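The values are calculated or read from the model by the stated rules, or taken from the named source; none is laboratory data. Quick caveat: nothing in here was measured; it's all calculated off a predicted structure. Here the Cβ positions follow ideal geometry from the backbone for every residue, glycine too, while neighbour counts run over all protein chains shown. Only protein heavy atoms, including side chains, enter the accessible area calculation; ligands, DNA and RNA are left aside. Shrake-Rupley method; radii C 1.70, N 1.55, O 1.52, S 1.80 Å.
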Amino acid sequence: MKILITAGPTREYLDPVRFISNPATGITGYLIARIAKRKGHDVVLISGPSFLKPPKGVRVIYTESAIEMKDAVEKEFLACDVLIMSAAVSDWRPEKKFDNKLKIKRKWTLSLVPNPDILKAVSMLKRKNQMIVGFALESQELLKNAIKKMKDKNLDMIVANTVQNFGIPEKKSDIYVIYRDETIKDCSSFTKMELASFIVKEIERLAKKHNEK
Ligand code: CTP
């Protein structure tokens, strides 16, 4: 299969040296890419800024802002069988990016505008034989909110994650995989490696089921 994966944070610059971002490590997305490649899939990884080593044999496209990531995803999506959107995309960006380093020393207000929702945009382009997997990061009502996101964004599967797991090398809190029919697999005891491996296995299983239809 041709698998497209996004990973890591986005950066939304307000001047040449300052940005809005988040502590996403990209580890889960990079692990999914590595495992999928090892299993013989054709893998493209679209990565936000990350110090992680690119997995061997995987084509990596580096992006910074949500808009850059959206352009890259839309370009690669047409040719893929599965999109796994594990990137932590910033929901906003500064309204204006200043060309020079800001030297303001007084109180001021930064104006933000919403970023496009990449998953929502590509789910409109989704063909019958394509699958999309999303992630949900929640600080409350984890399962309820994740199921809502899965439906709103027309996903085949969603990985529901808590903020306690965010930005750290190894997960320590609840994590669930939720399917279209709302069945839930509790993956809370898995390591990030085991979770990545499970996600690849589930994609293979669902793709097989899809093709049998
Ligand atoms: N996502 C996206 N584009 C955005 C924001 C999020 O494609 N602008 C994707 C993420 O990669 C993830 C899923 O949507 O797969 C859910 O992201 P999350 O941050 O949990 O939720 P949001 O949709 O941003 O909603 P909220 O922040 O209100 O919880």
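Here's the yes/no breakdown for (1) at pLDDT 95 or above; (2) of a type in the set (S, T, Y); (3) touching a helix residue (DSSP H, G or I) at 6+ places or on another chain (Cβ under 7 Å):
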position	(1), (2), (3)
S21	yes, yes, no
V60	yes, no, no
L112	yes, no, no
A121	yes, no, yes
M124	no, no, no
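Among the residues of the stretch 53-62, not a single one is within 20 Å of I158 (Cα to Cα) and open to solvent by less than 40 Å² (accessible area, probe 1.4 Å). Residue pairs whose Cβ atoms lie under 7 Å apart, sitting 6 or more positions apart in sequence or on different chains, and linking a residue in the stretch 116-127 that is part of a loop (DSSP other than H, G, I, E, B) to a partner that is within 8 Å of the ligand (Cβ to nearest atom) and among the charged types (D, E, K, R), are P116/K70. The sole residue among I84, I67 that is under 16 Å from T28 (Cα atoms), open to solvent by less than 100 Å² (accessible area, probe 1.4 Å) and within 16 Å of the ligand (Cβ to nearest atom) is I84.
All conditions in (1) among the charged types (D, E, K, R); (2) in a helix (DSSP H, G or I); (3) surrounded by fewer than 16 Cβ atoms within 10 Å (Cβ to Cβ) hold for E76, with the sole exception of (3).
Residues checked against (1) modelled with pLDDT under 95; (2) among the basic types (K, R):
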site	(1), (2)
N165	yes, no
D186	no, no
S197	no, no
K201	no, yes
R205	no, yes
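For the stretch 94-124, taking the residues that are within 13 Å of the ligand (Cβ to nearest atom) and farther than 18 Å from E64 by Cα, the one that is farthest from the chain's Cα centre (by Cα) is identified as M124.
I'd like to check something: does the stretch 167-178 contain any residue that is part of a loop (DSSP other than H, G, I, E, B), open to solvent by less than 30 Å² (accessible area, probe 1.4 Å) and closer than 21 Å to R205 by Cα? Checked the stretch 167-178: no residue is part of a loop (DSSP other than H, G, I, E, B), open to solvent by less than 30 Å² (accessible area, probe 1.4 Å) and closer than 21 Å to R205 by Cα.
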